[in-house]
Amino acid sequence: MGVVENSKLSVVGAGSVGTSLAYAALIRESASQVALYDIATEKVEAEVLDLAHGTQFTRSSVIGGADLDVVAGSHVVVITAGAKQQPGQSRMELAGTNVGILERLLPGLLERAPDAIYVLVTNPVDVLTLAAQRISGLPSERVFGSGTVLDTSRLRWLLAKRAGVTTASVHADIVGEHGDTEFPLWSNARIGPVPILDWRAGEPFTREELDGIAHEVRNAAYTVIRGKGATNYAIGLTGARIVEAVLGDERAVLPVSTVLSGVRGIDDVALSLPSVVGGDGAFAVAETPLSSDEEALLAASADAIRAAGATLGI
């Protein structure tokens, strides 16, 4: 997409995810200005300087620092700040620390960017999305999480590779928790117009193979973290893509995490379903078709997120 004039994206957190997201947003020209904020002065100033040195080659500019005023007037604020997931550590184990960070951050952000759409990327993203919505008091469509957009990208990449087609021709979504209870909607997964189990251009898929692919998607982050210590490039691109849908008022359908109210019988839980993402925020597509098995899996995923939130008093 072309850069949206006079648009401002602020990225909170200059760790590996935040800097990758800022870098992706500059390259993709997701916003006309990218601001990077972190409390670690020397680190954030160095990251901004490094990014700024490349802006001859992009139409987007970059500012940043350790003063929260850099986020003033933002149209979108993406929060990546939080404790880093360690090898062998579950996303839920991060929850307590990261809710505390949100409680300290959000009042100052809201004061400086009261009209922004807020996107949570920090894990566990579903629990933190609900926490952020409660802390901020904003309407649920204006505070949402990156959810399973990256998991869906991982799924489509694996399916495309296996089927020998371009990723853009694979239509399949991961929904539920961004974590161990997430699952693919196989009941409406397609390659082009063809249901995935009916695909015959090459070796057909089997149920067992699809289960193996779903398992690989669920464990992809752990595999990357084991090897390099963090996942950052793909989530950076994912965040930039979500920002573009908001700033461009695209009304793109993406499986972001929203606080649901009466959708599929689920209330006061943030989880991912295909959602319309545009200038007003994110709205879950309540009529997304699910099989009876998928309904049960979604309820179980909601229960897992609800239990994690309850332990934190959310």
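The values are calculated or read from the model by the stated rules, or taken from the named source; none is laboratory data. Quick caveat, the model's predicted, so the values are computed rather than measured. Cβ coordinates were reconstructed from backbone atoms using ideal geometry, including for glycine residues, and neighbour counts include every protein chain displayed. Protein only, heavy atoms only, side chains kept; ligands, DNA and RNA dropped before computing areas. Shrake-Rupley method; radii C 1.70, N 1.55, O 1.52, S 1.80 Å.
So which strands (runs of 3 or more DSSP E) are wholly in the stretch 204-314 and hold at least 1 residues that are in contact with a His (Cβ under 7 Å, 6 or more places away or on another chain) and not aromatic (Phe, Trp, Tyr)? Working first, answer last.
Numbers: elements: 252-254, 257-263, 266-272, 275-278, 281-284.
Fully inside the stretch 204-314 and qualifying: 257-263, 266-272.
To keep it simple, each residue is scored yes or no on (1) surrounded by 17 or more Cβ atoms within 10 Å (Cβ to Cβ); (2) within 20 Å of ASP115 (Cβ to Cβ); (3) not aliphatic (A, V, I, L, M).
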| site | (1), (2), (3) |
| --- | --- |
| PHE57 | no, no, yes |
| SER60 | yes, no, yes |
| ASP69 | no, yes, yes |
| LYS84 | no, no, yes |
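Has the stretch 39-51 got at least one residue that is open to solvent by less than 40 Å² (accessible area, probe 1.4 Å), among the hydrophobic types (A, V, I, L, M, F, W, C), within 19 Å of the chain's Cα centre (by Cα) and on the phi < 0 side of the Ramachandran plot? Lay out the reasoning, then the answer.
Residues of the stretch 39-51 that are open to solvent by less than 40 Å² (accessible area, probe 1.4 Å), as a first pass: 44, 48, 51.
Among the residues that remain, those that are also among the hydrophobic types (A, V, I, L, M, F, W, C) are: 44, 48, 51.
Imposing the further condition that a residue be within 19 Å of the chain's Cα centre (by Cα) reduces the set to none.
No; the residues of the stretch 39-51 include none that is open to solvent by less than 40 Å² (accessible area, probe 1.4 Å), among the hydrophobic types (A, V, I, L, M, F, W, C), within 19 Å of the chain's Cα centre (by Cα) and on the phi < 0 side of the Ramachandran plot.
Could you list, in sequence order, the residues of the stretch 86-104 that are closer than 28 Å to LEU247 by Cβ and open to solvent by 20 Å² or more (accessible area, probe 1.4 Å)? Give the derivation first.
Applying the first criterion (closer than 28 Å to LEU247 by Cβ) to the stretch 86-104 yields 91, 98-99, 101-104.
ILE101, GLU103, ARG104, listed by residue number.
I need a count of the residues in the stretch 105-139 that are open to solvent by 40 Å² or more (accessible area, probe 1.4 Å) and either farther than 23 Å from LYS8 by Cβ or free of Cβ contacts under 8 Å to residues at least 40 places away in the same chain (or both). Walk me through how you get there before you give the answer.
Start the filter on the stretch 105-139 by keeping residues that are open to solvent by 40 Å² or more (accessible area, probe 1.4 Å), which leaves 107, 111-112, 114-115, 134-135, 137, 139.
Among the residues that remain, those that are also either farther than 23 Å from LYS8 by Cβ or free of Cβ contacts under 8 Å to residues at least 40 places away in the same chain (or both) are: 107, 111, 114, 134-135, 137.
Result for the stretch 105-139: 6.
Among the residues of the stretch 298-308, is there at least one that is in contact (Cβ under 8 Å) with a residue 40 or more places away in the chain, open to solvent by 30 Å² or more (accessible area, probe 1.4 Å) and not small (Gly, Ala, Ser)? If you could, list the steps in order and put the result at the bottom.
In the first step, residues of the stretch 298-308 are kept if they are in contact (Cβ under 8 Å) with a residue 40 or more places away in the chain; the result is 298, 300-302, 304-305, 308.
Subsequent filtering for residues that are open to solvent by 30 Å² or more (accessible area, probe 1.4 Å) retains 300, 304.
Narrowing further to those that are not small (Gly, Ala, Ser): none.
No, the stretch 298-308 has no match at all.
Regarding the stretch 276-290, can at least one residue be identified that is closer than 18 Å to GLY179 by Cα, at pLDDT 95 or above and open to solvent by less than 10 Å² (accessible area, probe 1.4 Å)? Reasoning before the result, please.
Going through the stretch 276-290, the residues closer than 18 Å to GLY179 by Cα turn out to be none.
No, the conditions are met nowhere in the stretch 276-290.
Which one of these does ILE242 not meet: (1) open to solvent by less than 50 Å² (accessible area, probe 1.4 Å); (2) within 24 Å of GLY88 (Cβ to Cβ); (3) at pLDDT 95 or above?
The number of the failed condition is (2).
Might you let me know whether the stretch 111-122 holds any residue that is at pLDDT below 95 and at negative phi?
Yes - at least one qualifying residue is present in the stretch 111-122.
What do you reckon, is ILE196 in contact with an Asp or Glu (Cβ under 6 Å, 6 or more places away or on another chain) and either among the small types (Gly, Ala, Ser) or surrounded by 20 or more Cβ atoms within 10 Å (Cβ to Cβ) (or both)? I'd like the intermediate steps shown before the answer.
Working: in contact with an Asp or Glu (Cβ under 6 Å, 6 or more places away or on another chain): no; either among the small types (Gly, Ala, Ser) or surrounded by 20 or more Cβ atoms within 10 Å (Cβ to Cβ) (or both): yes.
It is false that ILE196 is in contact with an Asp or Glu (Cβ under 6 Å, 6 or more places away or on another chain) and either among the small types (Gly, Ala, Ser) or surrounded by 20 or more Cβ atoms within 10 Å (Cβ to Cβ) (or both).
Using beta carbons and a limit of 6 Å, which pairs, at least six apart or on different chains, have the first residue in the stretch 42-56 and small (Gly, Ala, Ser) and the second one modelled with pLDDT of 95 or more?
ALA52/VAL62
Quick one: how many residues across the stretch 245-265 are at pLDDT below 95 and either crowded, with 21+ Cβ neighbours inside 10 Å or not small (Gly, Ala, Ser) (or both)?
Summing the residues that are at pLDDT below 95 and either crowded, with 21+ Cβ neighbours inside 10 Å or not small (Gly, Ala, Ser) (or both) in the stretch 245-265 gives 2.
Select from the stretch 121-143 the residues that are in a helix (DSSP H, G or I) and of a type outside the set (A, V, I, L, M) and list them in ascending order.
Just the residues of the stretch 121-143 that are in a helix (DSSP H, G or I), to begin with: 125-136, 140-142.
Matches in the stretch 121-143: ASP126, THR129, GLN133, ARG134, SER136, SER140, GLU141, ARG142.
List pairs: first residue in the stretch 219-233 and under 24 Å from PRO184 (Cβ atoms), second residue open to solvent by 40 Å² or more (accessible area, probe 1.4 Å) and of a type in the set (A, V, I, L, M, F, W, C) anywhere in the structure, Cβ distance under 7 angstrom, at least six positions apart or on different chains.
Once the first residue is under 24 Å from PRO184 (Cβ atoms) and sits in the stretch 219-233, its partners that are open to solvent by 40 Å² or more (accessible area, probe 1.4 Å) and of a type in the set (A, V, I, L, M, F, W, C) give THR231/VAL224.
Scan SER74, SER61 and give me the residue that is farther than 26 Å from GLY227 by Cβ, among the polar types (S, T, N, Q) and over 21 Å from the mean Cα position of the chain (by Cα). Walk me through how you get there before you give the answer.
Working: SER74 fails: over 21 Å from the mean Cα position of the chain (by Cα).
Residue meeting the stated conditions: SER61.
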